[in-house]
Amino acid sequence: MGNHGNEIADNLAKEATKNKEIMYNKIPKSQIVQQVKQQNIERWQTQWEQTTKGSTTKQFFPNIKERLKKRLKLTPNFTATVTAHGKTKAYLHRFKIIDSKSAHVKPETKQWIT
């Protein structure tokens, strides 16, 4: 006569071979994390495509998944470029720092933008 626990395990194994439906009741945590991450990226991409904001940034980064693969050195000049919030004449005109998109900077505001 063998070990009672081994006999139970053997019987369960025999039953499992007869069962055509394979069931897994545990999923590795890493797989769940990966699935949630993928779902979030897909949701983010959908929102990114539907929003009317960020048109300049979208020209640089149309795909969220591809953007996340890139390591970027974020600097003030880089951020200004991809967000179109740089000290361009159009931007300065928008905030009434200069009179027109082609005009020179008003002398009293020059200290703030250099």
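The values are calculated or read from the model by the stated rules, or taken from the named source; none is laboratory data. Treat the numbers as computed from the prediction; the structure is a model and nothing was measured. In this analysis, Cβ positions are derived from the backbone assuming ideal geometry, glycine residues included, and neighbour counts consider all displayed protein chains.
Within the set of pairs 6+ apart or on separate chains, which have a first residue in the range 22-51 that is more than 16 Å from residue 64 (Cα to Cα), a second that is in a helix (DSSP H, G or I), and C-beta atoms under 9 Å apart?
These pairs meet every condition: 22/16; 27/35.
Taking only the range 13-56 into account, find how many residues are surrounded by 10 or more Cβ atoms within 10 Å (Cβ to Cβ) and either of a type in the set (Asp, Glu) or at pLDDT below 90 (or both).
Final tally of qualifying residues: 6.
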